[in-house]
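Asker: I'd like to ask some things about the structure below.
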Amino acid sequence: MSEEIKSLNFIEHIIEEDLANGLPKENLRFRFPPEPNGYLHIGHTKAIGISFGLGEKYGAPVNLRFDDTNPAKEEQEYVDAIKKDISWLGYKWANELYSSDYFEKLYDWAIKMIKDGRAYVDSQSSEVMAEQKGTPTEPGTNSPYRGRSVEENLDLFQRMKAGEFPAGTHVLRAKIDMKDPNMLMRDPIMYRIMYAHHHRTGDEWCIYPMYDWTHGESDYIEQISHSLCSLEFKPHRKLYNWFRDHVYEYSKDVLPLPPKQREFARLNLSYTIMSKRKLLRLVEEGVVSGWDDPRMPTISGLRRRGYTPNSIRNFIEKVGVAKRENVIDVSLLEFCVREDLNKTANRVMAVLNPVKVVITNYPDDKEEWLDAENNQEDAGAGFRKVPFSKEIYIEGEDFKEEAGNKFFRLRLGGEVRLKNAYIIKANEVVKDESGEITEIHCTYDTDTSKKVKGTLHWVSIKHAITAEVREYDRLFMDESPDGDKDKDFMEFLNPNSLKIKTGYLEPSLSEASAGDRFQFQRLGYFVVDADSKSGALVFNKTVGLRDSWAKQKPKPQNNQKPQQKQPQQKRSAISVVQQLGKKYTNLPEEKQQKAKAEIQKLASEISYEELEPLFGTAVKKSGTRIATMIVLKEMLNSGLKRNQNIDDFINKGLEDKNELLVAEASQI
């Protein structure tokens, strides 16, 4: 059978093209460059998977480099956590490096930039410099210090390094172009004065390089062939190349390979916060117990919740590599861990909401140890012994005194099968003063060949061990908790994201250790938490056996009078615009004008965040791009500020072969 050939993603196409154009394969080198200012989260796993995956595919080294340029927010704790997370995911880095390793080299290059008239010391406040930057539609103005002599700039910069000036008095800026349409090119800051203790260099430095200056030059020093980053860095590429090209002239004899930056869509997940700043707020305000709280999207939180490295890697594989931002449903991640644990987790029995069952015809002093299969998905998992006795626990929701024909669990007068044991029949119940059922009296039948529809899990009361069971659910109730500009994301917290119960477990679990994963039959997948102690186990719920958040269809109200057909939910404005765009180029001129008027009207209901993803629409879909251009024009007329992405989309439209698109772009 021929092996299935997997299609290349766009990054692999770039690499293959570079190799075809003469780049030696041995020159391929990648890196994963986290900032050690927080814990890695599920969003980072995509960048990790892309870089390390390419390393595995091409047999190329992958560096783990910490871009540690801001000592005020960086800690060794984060460095250690990041290394642990990447190792846990199963990746190995070629070299462990730090941007702080290059501080001296970066400083020397900055001196050369000053000598070449490409950098200068500015002595204005940050507020004044921000005002001089201009706007996306208005050029900036030059600093009054832009014309300082080379000698004065060198003297000031060296004295900055020597610690002669207070923080905020001077910065070093690149001298590029204050009128550049890309605002990042308007004399960006290269160094600022900061008196902060660095977790590696201590107090050796009091000036620290900015990220844009450090990042690309670190890539160059390490001779990274392809610098891969998320889409928000696309506007930075022009500055990345400007810095790279200048330092290349200083060191090309020693460092012959200039790196190439390319961008991919980052991973966004529904019901999830990805901002490190917001995650830190959850920790600091005590909403969660820490960075590794099982409700957190951090890798350490997912690990503590019971996720496996394989499930996360499979998830990243399914998500794929894209050029456009999108939101992945968290249910896909949950599906991946279910799929993995179904193959690897042993089945056990635990009862979390117990009701007592007394088997009246079973001898008082008798007990049996019955065979139970560990995992029907794994032929090598074997069997274990579970005890059976006169009194057992079943789940409270598995019994009803009266029930309809579709209730296949235990009811008065009904029979069910006990997993790995006998068939029982409910005969009567005992209730307390408040009417709550305290006991169900049953009889058992040794003829297990009878056909009954329901099978229940259970635990022998006499042999049960108790454990704390933490049932975790999604931390947020809203699919996009930070998507509402008028509300704080904390308003969408799920008040039921953690429920703590006492579980009654079969005794085989008494020897379980932290990190051991199990399927509690009929309940879900659970993992032993590190909080466990001898004789006091703690389990975390990883995920249920099925998606409990799946949208349910409304049930028909048969007991009510027939109602008029409810109107369909109103489609979003952006969806209607896309539909109009699909047909636009095939319409006669009169209908085109009518469609255009409708698009212009809908523009007021569309946000820029909804529109921007359409900038990446395929060239062949001219109608959609025309509709997008019409909406964009209305937004700009209503006060939307232009940015680099907008300018790129307009310029692309002006260069298009479709005359209608060119005409719309020309009017902006």
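Asker: Filter the stretch 256-291 for residues that are touching a Leu at 6+ places or on another chain (Cβ under 9 Å) and among the charged types (D, E, K, R); which is modelled with the lowest pLDDT?
Answerer: Initial filter on the stretch 256-291 (touching a Leu at 6+ places or on another chain (Cβ under 9 Å)): 257, 261-266, 269, 271-274, 282, 287-288, 291.
Now restrict to residues that are among the charged types (D, E, K, R): 262-263, 266.
Values: Arg262: 96, Glu263: 96, Arg266: 91.
So, considering only residues that are touching a Leu at 6+ places or on another chain (Cβ under 9 Å) and among the charged types (D, E, K, R), the one modelled with the lowest pLDDT is Arg266.
Asker: Output the residues belonging to the stretch 445-464 that are open to solvent by less than 40 Å² (accessible area, probe 1.4 Å) and modelled with pLDDT of 95 or more. Reasoning before the result, please.
Answerer: Keep residues of the stretch 445-464 that are open to solvent by less than 40 Å² (accessible area, probe 1.4 Å), which gives 452, 454, 456-460, 463-464.
Correct list: Leu456, His457, Trp458, Val459, Ser460, His463, Ala464.
Asker: While we're here: Say whether the condition of being more than 19 Å from Gly168 (Cα to Cα) and of a type in the set (A, V, I, L, M, F, W, C) is met by at least one residue in the stretch 117-130.
Answerer: Looking only at the stretch 117-130, we keep the residues that are more than 19 Å from Gly168 (Cα to Cα), and these are 117-118.
Among the residues that remain, those that are also of a type in the set (A, V, I, L, M, F, W, C) are: none.
No - not one qualifying residue is present in the stretch 117-130.
Asker: Test Ile606 against the stated conditions and say whether it is closer than 28 Å to Ala322 by Cβ and without any contact (Cβ under 8 Å) to a residue 60 or more places away in the chain. Even if it seems obvious, please write down each step before you answer.
Answerer: Working: closer than 28 Å to Ala322 by Cβ: yes; without any contact (Cβ under 8 Å) to a residue 60 or more places away in the chain: yes.
It is true that Ile606 is closer than 28 Å to Ala322 by Cβ and without any contact (Cβ under 8 Å) to a residue 60 or more places away in the chain.
Asker: Okay, next question. It is to be established whether one or more residues within the stretch 166-183 are surrounded by 14 or more Cβ atoms within 10 Å (Cβ to Cβ), over 25 Å from Asp245 (Cα atoms) and not β-branched (Val, Ile, Thr).
Answerer: Yes, that holds for at least one residue.
Asker: Ok, one more. What single numbered condition from (1) within 23 Å of Cys229 (Cβ to Cβ); (2) touching a residue at least 24 places away in the same chain (Cβ under 8 Å); (3) open to solvent by 10 Å² or more (accessible area, probe 1.4 Å); (4) not hydroxyl-bearing (Ser, Thr, Tyr) fails to hold for Phe52?
Answerer: (3)
Asker: Taking the stretch 655-668 on its own, how many of its residues are outside any loop (DSSP other than H, G, I, E, B) and surrounded by 14 or more Cβ atoms within 10 Å (Cβ to Cβ)? Full working, then the answer.
Answerer: Narrowing the stretch 655-668 to residues outside any loop (DSSP other than H, G, I, E, B): 659-666.
The next check asks that each one be surrounded by 14 or more Cβ atoms within 10 Å (Cβ to Cβ); those that pass are 660-662, 664-665.
Of the residues in that region, 5 qualify.
Asker: Name the pairs: first residue in the stretch 66-84 and free of Cβ contacts under 8 Å to residues at least 24 places away in the same chain, second residue open to solvent by less than 80 Å² (accessible area, probe 1.4 Å), Cβ to Cβ under 8 Å, at least 6 apart or on different chains?
Answerer: Correct list of pairs: Lys83/Leu64; Lys83/Glu96.
Asker: Also: Yes or no: Gly320 in contact (Cβ under 8 Å) with a residue 60 or more places away in the chain, out of contact with any His (no Cβ under 8 Å at 6 or more places or on another chain) and surrounded by fewer than 14 Cβ atoms within 10 Å (Cβ to Cβ)?
Answerer: Numbers: in contact (Cβ under 8 Å) with a residue 60 or more places away in the chain: yes; out of contact with any His (no Cβ under 8 Å at 6 or more places or on another chain): yes; surrounded by fewer than 14 Cβ atoms within 10 Å (Cβ to Cβ): yes.
The answer is yes for Gly320.
Asker: Report yes if His226 is under 37 Å from the mean Cα position of the chain (by Cα), farther than 24 Å from Glu104 by Cβ and either open to solvent by less than 20 Å² (accessible area, probe 1.4 Å) or aromatic (Phe, Trp, Tyr) (or both), otherwise no. Spell out the reasoning first.
Answerer: Values: under 37 Å from the mean Cα position of the chain (by Cα): yes; farther than 24 Å from Glu104 by Cβ: yes; either open to solvent by less than 20 Å² (accessible area, probe 1.4 Å) or aromatic (Phe, Trp, Tyr) (or both): yes.
For His226, the condition - under 37 Å from the mean Cα position of the chain (by Cα), farther than 24 Å from Glu104 by Cβ and either open to solvent by less than 20 Å² (accessible area, probe 1.4 Å) or aromatic (Phe, Trp, Tyr) (or both) - is met.
Asker: Restricting to the stretch 313-350, what's the tally of residues that are outside any helix (DSSP H, G or I), basic (Lys, Arg) and farther than 30 Å from Tyr504 by Cβ?
Answerer: Quick first cut of the stretch 313-350, residues outside any helix (DSSP H, G or I) only: 320-329, 345-350.
Okay, now just the ones that are also basic (Lys, Arg), so 323-324, 347.
Those still in the list that are farther than 30 Å from Tyr504 by Cβ too: 323-324.
Of the residues in that region, 2 qualify.
Asker: Something else about it: Just one of (1) outside any helix (DSSP H, G or I); (2) within 30 Å of Ile606 (Cβ to Cβ) trips up Ala421, so point out which.
Answerer: (2)
Asker: Which ranges mark the helices (runs of 4 or more DSSP H) fully within the stretch 229-312 that have 3 or more residues being of a type in the set (A, V, I, L, M) and within 21 Å of Lys83 (Cβ to Cβ)?
Answerer: In the stretch 229-312, the matching helices (runs of 4 or more DSSP H) lie at 276-284.
Asker: List pairs: first in the stretch 144-155 and free of Cβ contacts under 8 Å to residues at least 60 places away in the same chain, second open to solvent by 80 Å² or more (accessible area, probe 1.4 Å) and not aromatic (Phe, Trp, Tyr), Cβ under 8 Å, 6+ apart or cross-chain?
Answerer: Once the first residue is free of Cβ contacts under 8 Å to residues at least 60 places away in the same chain and sits in the stretch 144-155, its partners that are open to solvent by 80 Å² or more (accessible area, probe 1.4 Å) and not aromatic (Phe, Trp, Tyr) give Val150/Lys115; Leu154/Lys115.
Asker: Confirm whether Ile114 is under 20 Å from Arg244 (Cβ atoms), in contact (Cβ under 8 Å) with a residue 12 or more places away in the chain, among the β-branched types (Val, Ile, Thr) and open to solvent by less than 70 Å² (accessible area, probe 1.4 Å).
Answerer: Numbers: under 20 Å from Arg244 (Cβ atoms): yes; in contact (Cβ under 8 Å) with a residue 12 or more places away in the chain: yes; among the β-branched types (Val, Ile, Thr): yes; open to solvent by less than 70 Å² (accessible area, probe 1.4 Å): yes.
Considered against the rule, which asks whether it is under 20 Å from Arg244 (Cβ atoms), in contact (Cβ under 8 Å) with a residue 12 or more places away in the chain, among the β-branched types (Val, Ile, Thr) and open to solvent by less than 70 Å² (accessible area, probe 1.4 Å), Ile114 comes out as yes.
Asker: Would you say Asp329 is open to solvent by 20 Å² or more (accessible area, probe 1.4 Å) and closer than 17 Å to Tyr271 by Cα?
Answerer: Values: open to solvent by 20 Å² or more (accessible area, probe 1.4 Å): yes; closer than 17 Å to Tyr271 by Cα: yes.
Here the answer is yes, as Asp329 does meet what is asked.
Asker: To continue, here is another question. Please go through the stretch 572-594 and give me each residue that is more than 30 Å from Lys485 (Cβ to Cβ) and not charged (D, E, K, R), ordered by number. Give the steps one after another, and end with the answer.
Answerer: Looking only at the stretch 572-594, we keep the residues that are more than 30 Å from Lys485 (Cβ to Cβ), and these are 583-594.
Those that are more than 30 Å from Lys485 (Cβ to Cβ) and not charged (D, E, K, R): Tyr584, Thr585, Asn586, Leu587, Pro588, Gln592, Gln593.
Asker: Still on this structure, I have one more. If a residue has to be aliphatic (A, V, I, L, M), open to solvent by less than 50 Å² (accessible area, probe 1.4 Å) and within 30 Å of Arg173 (Cβ to Cβ) to count, how many in the stretch 239-287 make the cut?
Answerer: Of the residues in the stretch 239-287, the ones aliphatic (A, V, I, L, M) are 239, 247, 254-255, 257, 265, 267, 269, 273-274, 279-280, 282-283, 287.
Filter again for open to solvent by less than 50 Å² (accessible area, probe 1.4 Å), leaving 239, 247, 255, 257, 265, 267, 269, 273-274, 279, 282-283, 287.
Then keep just the ones that are within 30 Å of Arg173 (Cβ to Cβ); that gives 239, 247, 255, 257.
Residues flagged as aliphatic (A, V, I, L, M), open to solvent by less than 50 Å² (accessible area, probe 1.4 Å) and within 30 Å of Arg173 (Cβ to Cβ) within the stretch 239-287 amount to 4.
Asker: Within the stretch 210-223, count every residue that is open to solvent by less than 10 Å² (accessible area, probe 1.4 Å) and either among the hydroxyl-bearing types (Ser, Thr, Tyr) or at pLDDT below 95 (or both).
Answerer: Matching residues across the stretch 210-223 total 3.
Asker: Kindly establish whether Asn9 is in contact (Cβ under 8 Å) with a residue 60 or more places away in the chain, among the polar types (S, T, N, Q) and closer than 30 Å to Arg304 by Cβ.
Answerer: On the way: in contact (Cβ under 8 Å) with a residue 60 or more places away in the chain: yes; among the polar types (S, T, N, Q): yes; closer than 30 Å to Arg304 by Cβ: no.
In short, no.
Asker: Something else now. Quick one: count up the residues across the stretch 488-529 that are of a type in the set (A, V, I, L, M, F, W, C) and closer than 18 Å to Pro297 by Cα.
Answerer: First, the residues of the stretch 488-529 that are of a type in the set (A, V, I, L, M, F, W, C): 489-490, 492-493, 498, 500, 505, 509, 512, 514, 518, 520, 523, 526-528.
Right, trim to closer than 18 Å to Pro297 by Cα and you get 489-490, 492-493, 498, 526-527.
Looking only at that region, the number is 7.
Asker: Counting only residues that are of a type in the set (Val, Ile, Thr) and either buried (at least 20 other Cβ atoms within 10 Å of the Cβ) or modelled with pLDDT under 85 (or both), which one in the stretch 607-630 is nearest to Gln667 (Cα to Cα)? It would help to see each step written out before you state the result.
Answerer: As a first pass, look at the stretch 607-630 and keep what is of a type in the set (Val, Ile, Thr): 617, 619, 624, 626, 628, 630.
Restricting the remaining residues to those that are either buried (at least 20 other Cβ atoms within 10 Å of the Cβ) or modelled with pLDDT under 85 (or both) gives 619, 624, 626, 628, 630.
On the way: Val619: 20, Thr624: 17, Ile626: 12, Thr628: 13, Ile630: 10 Å.
Per the criteria, the residue is Ile630.
Asker: Restricting attention to the stretch 135-175, and to residues there that are more than 36 Å from the chain's Cα centre (by Cα) and β-branched (Val, Ile, Thr), which single residue is nearest to Gly639 (Cα to Cα)?
Answerer: Thr141
Asker: Something else now. I'd like the full set of residues that are in a helix (DSSP H, G or I), open to solvent by 10 Å² or more (accessible area, probe 1.4 Å) and in contact (Cβ under 8 Å) with a residue 60 or more places away in the chain, limited to the stretch 631-646. Give the derivation first.
Answerer: Taking the stretch 631-646 first, the residues in a helix (DSSP H, G or I) are 631-637, 644-646.
Filter again for open to solvent by 10 Å² or more (accessible area, probe 1.4 Å), leaving 633-637, 644-645.
Of everything in the stretch 631-646, those that are in a helix (DSSP H, G or I), open to solvent by 10 Å² or more (accessible area, probe 1.4 Å) and in contact (Cβ under 8 Å) with a residue 60 or more places away in the chain turn out to be Gln644, Asn645.
The values are calculated or read from the model by the stated rules, or taken from the named source; none is laboratory data. Quantities reported herein were computed from a predicted structural model and do not represent experimental measurements. Glycine also receives a Cβ, built like all others from the backbone with ideal geometry; neighbour counts cover every protein chain displayed. Accessible surface is based on the protein model in full, side chains and every heavy atom, while ligands, DNA and RNA are left aside. Shrake-Rupley method; radii C 1.70, N 1.55, O 1.52, S 1.80 Å.
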